[in-house]
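Peer 1: Can you keep this structure in mind? I'll have questions shortly.
Any read-out appearing in this document is the output of simple, stated calculations on the displayed coordinates, not a laboratory observation. Note that the structure is predicted; figures quoted are calculated from it, not measured. Please note: Cβ atoms are built from the backbone with ideal geometry, for glycine as well, and neighbour counts cover all protein chains shown.
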Amino acid sequence: MAVSQSRRPILFGFAALVFGVSMGGSTPSFADTTLLNVSYDPTREFYKAFNAAFAEDWKVKTGESLTVQQSHGGSGKQARAVIDGLDADVVTLALGGDIDEIAARSGKIPANWQQRLPNSSVPYSSTIIFLVRKGNPKAIHDWGDLAKPGIGVIMPNPKTSGGARWNYLAAWAWASRTYHGDDAKIRDYIKTLFGNVPVLDTGARGSTTSFAQRGLGDVLIAWENEAFLVLDEFGNDNFDLVVPPISIKAEPPVALVDGNVDRKGTRKQAEAYLQFLYSPQGQALAAKHHFRPSLPQYVDTALMAAFPKLDLVTIDGDFGGWTKAAATHFADGGTFDQLYKPGQ
Amino acid sequence: MRQSRVIPGFGLTLGLVLLMLTLIVLLPLAALALKAAGVGPRAFLVVATSPRTLAALRLSFGTAFVAALMNSGVGLLVAWVLVRYRFPGRALIDAAIDLPFALPTAVAGIALAAVYAPNGLLGHWFAAIGIKTAFNPTGITLALIFIGLPFVVRTVQPVLLEIEREAEEASALLGAGPIRTFVRVILPAILPALITGFALAFARGVGEYGSVIFIAGNIPMVSEITPLLIVIKLEEFDYGGAAVIGLVMLAISFSLLLVIHLIEATTRKAYGHG
Amino acid sequence: MVDTTSADPMRETIVWRKEDQRPSLGASAPLRAGLIVLALLSLSAVLVLPLMVVFGSVFTAGFPLVIEVLSEPDTLAALRLTLLVAAICVPVNGAVGLAAAWAVTKFDFRGKTFLMVLIDVPFSVSPVVAGLVYVLLFGAQGLMGPFLQLHGITIIFAVPGIVLATLFVTFSFVARELIPVMRSHGRQDEEAALSLGASGWTTFWRVTLPKAKWGLLYGLLLCNARAMGEFGAVSVVSGHIRGLTNTLPLQVEVLYNEYQFKASFIVASLLACLALVTLFLKSIVEHCGRMTEASFSKPHKE
């Protein structure tokens, strides 16, 4: 008798576990179609607006009501989640390299994914600019100024942040042109630049907080859209934008996750979702959220005028594409690891 | 060695514990070990003994040790004051002790950074006298003190409540000063609990991630904790490397816990407590 | 037993033996005042100030914003998920903790120290690793991934994964709190009850549990607080789907990352209050318990 009674806690425990499993198994079953967009951090506000616009458009065109769920996080972390089984219908990440990893490791995206959508699957782009304290007291105007003594530079860790990889490459591109490809000088510049970084946050928004709220450093290197957002959120009277004469064209690509949409039967909706990014409405929304639209002809010229003019190098032109850039600069033992050795 | 079983339920309870331990803890950790072993002995050694890994391990275990040590002092003091004295706000303080458990670690990190950053509430006072209290190992230690304090207070508190007052009084009557009475009478009685609290705070501090990254600074070789190094390995899609560092951490923690348990068991026996 | 209730003159007289004011160590006024001030100062620095940063923002935010934030659908979904996870993890780990304490304190067996270290291991495993191990086990590329996919079972990036990760990080709390308490009580009472013919189950309910209930309660409360507050491990296995797999701590992060600092601290305060509610319940139970206990003589000790 004692034994049969005392089994109760175990039975209860397993009942609870089973309950948990069944709960999880049944969660995605909504009445209407649900898409999951797995994205990186700075696109939160944009996709909030875009998803609502797409759902409305889809309802008008097909009569089907549709919900788009969002997941945001560091680009690499999000890519890993999809590799490890997160049921994304579409991925909209910060780096082409992250989508390449999903393609290679999970086989759920074909290797030629970049050719399937217009403009190499990049519906909007951004660039890297500076945010400084009001009045620019340290007179920071160009990449060279960042490596001057006494300048505190705030940026996230290129190892953990997609945005920071663009920062790194932009700095590298500037140095490469300024020193006419002299490798020793480029490396020296990058080394000095990172010597000026007092705090390496793990993500772009962590760096923004360090700079804007904690008062650390003199300059924040950030996505253009993030810098605009900081002005919106923290007010114009504390910070100034500084646009360097040259920077990199940061191209966050999008892709359909074939393996998932075919299993879920959502290919039609997911494809339409990505196409909608290239529609006049999608492009205008991107511009409104400070992303540079790939098809500017669709966007009001007044909106386009807000984007500062500067020379933009590209990852394909200057670095031979993401695969090569990642292997050279960001892999274990790459240039970043070689050059960034504080405390030694 | 096994005594005659007057008390029943040995098989049942031990069986349940072992089952759940296997399902929830050991099986997943075995997957970790398998992944780490998958990289091969040479790569394992390269990752495990790289200067950056060693620096991170030193930092994580060092700051956790210092924080646990400071927590033992502060925690003992707080537990003592809460148990022995009555003062306004005592109940409130007693309740607040547990909040570090309930607050999401990220919030703890953000709040600590707001207090100890160079422009923070306390940070700017320290900055004025040239002490950096955030974005360096000091910041990490502060976060770990916050995270670990409840462990010490809550393990020492119940034991303090149950201590026999008679021995204390006898000691005082025999002319021993308060310090002597504390060292000779009270400390031995609470030492096992204090060691347990230290061990728990230490163990928790070694692996802490969420609160630390907001106040650490995260500079490699200087203020980069081991869990962050694991995250960085994962960002490089290097699951094997991440598993290796995770396993090394686990092995060190496990050995330290084993030693602490043996010390605790010895002190308990030595003082005939429990 | 942990005391949290403040000075109540009635109770003070009843339980004077326990919290007695007879001259003993620390009775001298300057020493007493000094220790209290020192304790309060150190607590302010490491505990109270950071907590005030969080709670302070709730008061400056104003009532309408608090209501607006807390009635947001994503926040409510996160609240439901957090409560569900705690509702599963606390009973399961409570049962396991009781079993562990019973086995460890009532019997001697080879490898006991080893077992106790194993019980402590989840404490020392970094939350990052605690999440990672489940991904390695149940993820699409993990050991059991192909099997799970074949049978259409989702564990990672859904509720079961979150429950498992939370079970892992809260595994030790109940056992850890119970073992010292039950050890200090010894085995004589149980042996006596059994020799008088009580069944094992009755002995447990009538003899062991009443004496160990504070330890158990305390362990459950800590387990609950941590289950609700866990961030790191859950973050790895959650998938961060808004309104679906975001727990309250993850929702706090989401809001913070959207620069909604006040909203994020409001949600964090809600979490802290959930823990305080359980603490409040604990105080009530303790208070009632003391009333009954006062009719007995000094607490039994080995």
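Peer 1: Quick one: order B:Arg154, B:Arg90 by neighbouring beta-carbon count within 10 Å, fewest to most. Don't jump to the answer; show the numbers that get you there.
Peer 2: Details: B:Arg154 24, B:Arg90 19.
So the ranking, lowest neighbour count to highest, is B:Arg90, B:Arg154.
Peer 1: Next up: Arranged by the count of other C-beta atoms within 10 angstrom, fewest first, what order do B:Lys132, A:Lys324, A:Lys77 take? Don't skip to the answer; put the middle values down first.
Peer 2: Details: B:Lys132 17, A:Lys324 13, A:Lys77 21.
Taking fewest neighbouring Cβ atoms as first place, the list is A:Lys324, B:Lys132, A:Lys77.
Peer 1: How about segment C:105-174: which trypsin sites (Lys or Arg not before Pro) there lie in a loop by DSSP and see at most 12 other Cβ atoms within 10 Å?
Peer 2: On the way: sites: C:Lys106, C:Arg110, C:Lys112; in loops: C:Arg110.
Here the trypsin sites (Lys or Arg not before Pro) that fit, given the DSSP loop and packing criteria, are C:Arg110.
Peer 1: Oh, and also: What is the set of long-range amide H partners of C:Ile241 at a cut-off below 5 Å, with H atoms built 1.01 Å from backbone N?
Peer 2: It is C:Asn246, by chain and number.
Peer 1: Based solely on its DSSP helices, what 222 nm [θ] is calculated for the protein assembly as shown when runs of n ≥ 4 H residues each add -39,500 (n - 2.57) and the sum is averaged over all residues, nearest 500 deg cm²/dmol? Write down the numbers at each step before the final one.
Peer 2: Details: 49 runs with 580 residues, N = 920.
-19500 deg cm²/dmol, from helical runs alone.
Peer 1: More than 19 angstrom separation, counting every C-alpha pair in segment A:113-254; what % is that? Before the final figure, lay out each step's value.
Peer 2: Numbers: 5058 of 10011 pairs.
Roughly 51 percent, once rounded to a whole number.
Peer 1: Taking H as built 1.01 Å from N, whose amide H comes closer than 5 Å to the amide H of A:Gly321, not counting residues under 5 places away?
Peer 2: Distant-sequence amide H within range of A:Gly321: A:Asp316.
Peer 1: Can you list the GluC sites (Glu not before Pro) in segment B:135-215 that are in a DSSP coil and have 16 or fewer other beta carbons within 10 angstrom? Write down the numbers at each step before the final one.
Peer 2: Details: sites: B:Glu162, B:Glu164, B:Glu166, B:Glu168, B:Glu169, B:Glu208; in loops: B:Glu164, B:Glu208.
The qualifying sites are B:Glu164.
Peer 1: Now for a separate question. Over all Cα pairs of segment B:98-138, how is the pair count split among 5 Å bins, expressed in % and running from 0 up to the last occupied bin?
Peer 2: With a bin width of 5 Å, the distribution comes to 6, 27, 25, 19, 14, 7, 2.
Peer 1: Under 5 Å between amide H atoms, partner at least 5 residues away or on a different chain: which partners does A:Thr127 have, H built in plane at 1.01 Å?
Peer 2: Placed amide hydrogens put A:Glu224, A:Asn225, A:Ala250 under 5 Å from A:Thr127.
Peer 1: Residue by residue, what Karplus-based ³J(HN,Hα) values in Hz, rounded to whole numbers, does segment C:67-78 have, using 6.51, -1.76 and 1.60 with θ = phi - 60° and x for Gly and Pro?
Peer 2: 4, 4, 5, 6, 9, 5, x, 5, 5, 5, 4, 5
Peer 1: Per 0.36 nm of contour for each residue apart, how much would the distance between A:Gln115 and A:Met304 grow if the chain were fully extended, relative to their Cα-Cα spacing? Don't jump to the answer; show the numbers that get you there.
Peer 2: Working: separation 189, 0.36 × 189 = 68.04 nm, distance 2.65 nm.
Between A:Gln115 and A:Met304, full extension yields an extra 65.4 nm.
Peer 1: Which value in Å is the Kirkwood Rh of the protein assembly as shown over different Cα pairs? Please list the in-between numbers first.
Peer 2: Numbers: mean 1/r = 0.0343 Å⁻¹.
Computed over the protein assembly as shown, the radius equals 29.2 Å.
Peer 1: Same structure, new question: Inside 10 Å of the C-beta atoms of B:215-223, what's the mean count of C-beta atoms belonging to other chains? Before the final figure, lay out the partial values.
Peer 2: On the way: counts 2, 4, 7, 9, 9, 9, 5, 4, 4.
Across the residues of B:215-223, the mean count of other-chain Cβ atoms within 10 Å is 6.
Peer 1: I need the semi-axes of the equivalent ellipsoid of segment C:63-293: take the C-alpha gyration tensor, multiply each eigenvalue by 5, square-root it, list largest first in whole angstrom.
Peer 2: Values: eigenvalues 264, 121, 36 Å².
For segment C:63-293, the ellipsoid semi-axes come out as 36, 25, 13 Å.
Peer 1: Let me ask something additional. So what's the convex hull volume per residue for the Cα atoms of segment B:125-175, in Å³?
Peer 2: Convex hull of Cα atoms, per residue: 142 Å³.
Peer 1: Right, next: Using all alpha carbons of segment A:279-344, what is the percent of pairwise distances in each 5 Å bin, ordered from the shortest bin to the longest?
Peer 2: Cα pair-distance distribution for segment A:279-344, in percent: 3, 15, 16, 11, 12, 13, 12, 10, 6, 2, 1.
Peer 1: With charges set only on the Cβ (+1 for Lys and Arg, -1 for Asp and Glu), what does the dipole of segment A:226-343 come to about its Cα centre, in debye to the nearest 20? Intermediate values should be presented prior to the final figure.
Peer 2: Working: 10 positive and 15 negative charges, 93 e Å.
Magnitude of the dipole: close to 440 debye.
Peer 1: Can you work out ³J(HN,Hα) from phi for every residue in segment A:163-180, in order, using Karplus 6.51 cos²θ - 1.76 cosθ + 1.60 and θ = phi - 60°, giving whole Hz and x for Gly and Pro?
Peer 2: Each residue of segment A:163-180 in turn: x, 5, 5, 5, 4, 4, 5, 4, 4, 4, 4, 4, 5, 4, 6, 5, 9, 6 Hz.
Peer 1: What does the charge add up to near B:Met221, with Lys and Arg as +1, Asp and Glu as -1, over the other residues with Cβ less than 15 Å from its Cβ? Before the final figure, lay out each step's value.
Peer 2: Numbers: positive: A:Lys159, A:Lys191, A:Lys341, B:Arg52, B:Arg58; negative: A:Asp337, B:Glu224.
Here the count lands on +3.
Peer 1: Further question on the same structure: Rounded to whole Å and sorted largest first, what semi-axes of the equivalent ellipsoid does the C-alpha gyration tensor of chain A yield via the square root of 5 times each eigenvalue? Could the numbers behind the result be given before it?
Peer 2: Details: eigenvalues 294, 139, 82 Å².
For chain A, the semi-axes come out at 38, 26, 20 Å.
Peer 1: May I ask you to list, by number, the DSSP H helices of chain B whose Cα span along the axis is at least 24 Å and whose average Kyte-Doolittle hydropathy reaches 1.0 or more?
Peer 2: Details: long enough: B:51-84 (48 Å, 1.24); B:137-162 (38 Å, 1.44); B:187-207 (30 Å, 1.59); B:239-270 (46 Å, 1.45).
Qualifying helices: B:51-84, B:137-162, B:187-207, B:239-270.
Peer 1: Of C:Met116, A:Met155, how do they rank once you tally other Cβ atoms within 10 Å and put the fewest first?
Peer 2: Details: C:Met116 20, A:Met155 29.
Final ranking by Cβ density, sparse to dense: C:Met116, A:Met155.
Peer 1: When Cβ neighbours within 10 Å are restricted to other protein chains, what is their mean count per residue of peptide C:218-228? Can you show the working numbers first?
Peer 2: Values: counts 4, 1, 0, 4, 6, 1, 2, 7, 5, 2, 4.
Counting Cβ atoms of other protein chains within 10 Å of each residue's Cβ and averaging gives 3.
Peer 1: Now a separate question. Ranked highest first by the average count of other Cβ atoms within 10 Å around their residues, in what order do B:252-261, A:42-51, B:217-226, C:67-76 fall?
Peer 2: Numbers: B:252-261: 17.7, A:42-51: 19.6, B:217-226: 23.1, C:67-76: 14.6.
The most tightly packed comes first, giving B:217-226, A:42-51, B:252-261, C:67-76.
Peer 1: Could I ask something else about it? For segment A:288-294, take each phi angle, set θ = phi - 60°, evaluate the Karplus expression 6.51 cos²θ - 1.76 cosθ + 1.60, and give the result in whole Hz per residue in order, putting x for glycine and proline.
Peer 2: Going residue by residue, I get 4, 9, 6, 8, 6, x, 6 Hz, with x marking Gly and Pro.
Peer 1: Per-residue counts of other Cβ atoms within 10 Å, averaged by peptide: what ranking do you get for B:102-110, A:211-219, A:234-242, highest first? Each step should come with its number before you reach the end.
Peer 2: On the way: B:102-110: 27.6, A:211-219: 21.3, A:234-242: 14.4.
Result, highest mean first: B:102-110, A:211-219, A:234-242.
Peer 1: Shielding of C:99-110 by partners, i.e. mean partner chain Cβ atoms within 10 Å per residue?
Peer 2: 6
Peer 1: Name the shape class, rounded, prolate or oblate, that the alpha-carbon gyration tensor gives for segment B:40-270, where a ≥ b ≥ c are the square roots of its eigenvalues, rounded holds for a/c under 1.5, and otherwise prolate holds if a/b is larger than b/c and oblate otherwise. Don't jump to the answer; show the numbers that get you there.
Peer 2: Values: a/c = 2.58, a/b = 1.56, b/c = 1.66.
Taking the square roots of the gyration eigenvalues as a ≥ b ≥ c, segment B:40-270 is oblate.
Peer 1: Can you list the equivalent-ellipsoid semi-axes of segment A:96-175, largest first and in whole Å, using the square root of 5 times each Cα gyration tensor eigenvalue? Write out the running numbers ahead of the final one.
Peer 2: Values: eigenvalues 237, 39, 20 Å².
Over the Cα atoms of segment A:96-175, the semi-axes work out to 34, 14, 10 Å.
Peer 1: Okay, next question. Give me the Kirkwood hydrodynamic radius of segment B:170-263 in Å, from all C-alpha pairs, to one decimal place? Mind dumping the intermediate values first?
Peer 2: Numbers: mean 1/r = 0.0609 Å⁻¹.
Answer for segment B:170-263: a Kirkwood hydrodynamic radius of 16.4 Å.
Peer 1: Also, I was wondering about something else. Using the per-residue mean of other Cβ atoms lying within 10 Å as a proxy for protection, in what order, highest first, do the peptides C:248-259, A:298-309 fall?
Peer 2: Numbers: C:248-259: 24.2, A:298-309: 12.6.
Answer by packing, highest mean first, reads C:248-259, A:298-309.
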